[in-house]
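Written out below as structure tokens is the structure these notes cover.
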Amino acid sequence: MDSFVEQLKRGTEEEFTEESVWNGSAVNTTSSSLPAIYLPLLPRYLRHPTTRGRKATEFQETKEACLNYIQDALLQHQWQRAAEFMTIYLETLENTSAEKRMAAPEVIWRIGTEILCHHSKSSIEEFNYFAEQMKNLGVKRYLKVCLEHVFHLLCNGLIDEAYQNLSLAEGWRYGEQTTAQDKELKLIQAYKGLLDYYNWTKKRKAMLELDGNFADSVEQEMHSFFRQAAVNLKEIIKIPGVWDPFVKCYVDLLEFYEDYDEVRQVLSEYAYNSKFPPNPNAHVYYYQFLKRQGESKKTLMSVLKILHEIVPSHELMLEYNAMLQKSKKRKNHRLGLEIIFTLLDFAGWKEHVKAWSCLAKQIKQILVNSGKHLDWVTEEWNSRKDWWPAFHFSHYLAKRNWQENESLACEKALVAGILLGRGNFKSSSSLLCGIEILASSS
């Protein structure tokens, strides 16, 4: 580990810059077998020897083999072995191939970070030094390395250091700002906004515990953090993407200051803007906000309807089913039955007592009502009768359910008896297995 870091210190004394590729110093133009191409009117940075047909040098072959050894060591979690090979691979920065030299910093950054994160003797100081060297080893990845460095600091509880690094990265500029750099910078600012939000929550907690002048002073600091956080968080969520942590923090800030109109607009845009990728959480956040605001059942159901189309197995489907059953409309009762059947199609709901209780209750209501809508049950069952018996109603499952959860077993036995019909062997095993077990244990 020590040799890896020391080698990096020596190797980066003469750093490779992207500019050297274009000013001619990064290209070997003395090849006798491949004469340089000099065409009139061509810019100087396009005058270089053709590389077609060039064979890999012994140096390049050695480094490729070294990289293979490193990858093998990483796969086997042999961090010390990987670090030793990395001291050799760092010489790739001196490769005679401009293409290889340009690719080397990315490889060194990725692999070096992995080694330093897992090596038992690695320290935060070594990681900090490595990150600083990587930031300056090729400007295109500066902001990406900054972000990864910040994540590592946060994982180690160094929040102030992380904030300082984000502040420095926020002010970094190189040449004309590209679209990619602009997005990365917005992300840097967004994470800075998250840390401002973290400081805001600490001040909020402190303010609630203080009285008088001290509370007023803390409130001013708290409002300062609010302004800083709100500006950065608002910017990132304008960009199409999945920004759940940022949205939740921004909504918390706005709700504290009772800016409910802004919250409604932000969450509605996040959930329904077609430019954003489908995101179930966006609909969940909007539903939870509307529920806190006491919106009508109709409005809440309209939000859950879309969530059901995206994730039919979501836990909020139980709430959606309950609302539909309380409705006076027949079509809502039909939809509720479909939703609860669909929910139980998923393995995660196989042993959910409330879900089985809801299904049993709805089927019983249909039977009590002279079987008026028995065709609803028949329609749902016909698409499941080939696989639900083995999936839900096997003898093994019936026996285990009775042993582990009698309430679940009772609900499932009731549903099985109705769906599978009298005289059916599987139905009998589901209904009677529990009785036999209880009788033998008494």
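Among the residues of region 166-188, the ones that are under 19 Å from the mean Cα position of the chain (by Cα) and open to solvent by 40 Å² or more (accessible area, probe 1.4 Å) come to 3 in all.
Out of the residues in region 118-147 that are outside any helix (DSSP H, G or I) and open to solvent by less than 30 Å² (accessible area, probe 1.4 Å), state the one that is farthest from E84 (Cα to Cα). Can you show your working first?
Initial filter on region 118-147 (outside any helix (DSSP H, G or I)): 119-123, 136-138.
Subset that is open to solvent by less than 30 Å² (accessible area, probe 1.4 Å): 119, 137-138.
On the way: H119: 12, L137: 21, G138: 24 Å.
Looking at residues that are outside any helix (DSSP H, G or I) and open to solvent by less than 30 Å² (accessible area, probe 1.4 Å), I get G138.
State which residue pairs qualify: first residue closer than 21 Å to D259 by Cβ and small (G, A, S) and inside region 274-289, second residue at pLDDT 95 or above and buried (at least 19 other Cβ atoms within 10 Å of the Cβ) in any location, beta carbons under 7 Å apart, and separation of 6 or more residues or different chains. Listed pairs, sorted by first residue: A282/Y270; A282/A271.
Take the residues of region 189-221 that are of a type in the set (A, V, I, L, M, F, W, C) and open to solvent by 60 Å² or more (accessible area, probe 1.4 Å): which is modelled with the lowest pLDDT? The extreme case among them is F214. Of the residues making up region 329-385, those that are of a type in the set (S, T, N, Q), free of Cβ contacts under 8 Å to residues at least 40 places away in the same chain and closer than 16 Å to L318 by Cβ number 3.
Give region 181-191 a look and list any residue that's of a type outside the set (S, T, Y) and touching a residue at least 12 places away in the same chain (Cβ under 8 Å), or say none.
Filtering region 181-191 down to residues of a type outside the set (S, T, Y) leaves 181-190.
Within region 181-191, Q181, K183, E184, L185, K186, L187, I188, Q189, A190 qualify.
Before we move on, is E262 free of Cβ contacts under 8 Å to residues at least 12 places away in the same chain, assigned to a helix (DSSP H, G or I), touching a helix residue (DSSP H, G or I) at 6+ places or on another chain (Cβ under 6 Å) and surrounded by 14 or more Cβ atoms within 10 Å (Cβ to Cβ)? Yes, satisfied.
Against the definition (touching a Leu at 6+ places or on another chain (Cβ under 9 Å), surrounded by fewer than 18 Cβ atoms within 10 Å (Cβ to Cβ) and among the polar types (S, T, N, Q)), how does S268 come out, yes or no? Judged against the criteria, S268 is not a match.
Taking the criterion of being surrounded by fewer than 19 Cβ atoms within 10 Å (Cβ to Cβ), modelled with pLDDT of 90 or more and charged (D, E, K, R), would at least one residue in region 89-111 satisfy it? No; the residues of region 89-111 include none that is surrounded by fewer than 19 Cβ atoms within 10 Å (Cβ to Cβ), modelled with pLDDT of 90 or more and charged (D, E, K, R).
Take R400 and tell me if it is open to solvent by 20 Å² or more (accessible area, probe 1.4 Å) and either of a type in the set (D, E) or over 26 Å from K305 (Cα atoms) (or both). Reasoning before the result, please.
Numbers: open to solvent by 20 Å² or more (accessible area, probe 1.4 Å): yes; either of a type in the set (D, E) or over 26 Å from K305 (Cα atoms) (or both): yes.
Yes, satisfied.
Applying a threshold of 6 Å to beta carbon distances and a minimum spacing of six or more residues, or different chains, the list of pairs starting in region 395-419 at a residue that is in contact (Cβ under 8 Å) with a residue 40 or more places away in the chain and of a type in the set (S, T, Y) and ending at one that is in a helix (DSSP H, G or I) and surrounded by fewer than 18 Cβ atoms within 10 Å (Cβ to Cβ) reads S407/V353.
Within region 243-259, the set of residues being among the β-branched types (V, I, T) and open to solvent by 80 Å² or more (accessible area, probe 1.4 Å) is empty. Taken across region 303-326, residues that are open to solvent by 60 Å² or more (accessible area, probe 1.4 Å) and at pLDDT below 95 do occur, with at least one present. Against the list (1) out of contact with any His (no Cβ under 9 Å at 6 or more places or on another chain); (2) part of a helix (DSSP H, G or I), the condition P240 fails is (2). Within region 388-402, the set of residues being closer than 21 Å to T378 by Cα and assigned to a helix (DSSP H, G or I) comprises W388, P389, A390, F391, H392.
The values are calculated or read from the model by the stated rules, or taken from the named source; none is laboratory data. Treat the numbers as computed from the prediction; the structure is a model and nothing was measured. As a convention, Cβ positions derive from the backbone with ideal geometry for all residues, glycine included, and neighbour counts pool all protein chains shown. The accessibility values were calculated without ligands, DNA or RNA, using every heavy atom of the protein model including side chains. Shrake-Rupley method; radii C 1.70, N 1.55, O 1.52, S 1.80 Å.
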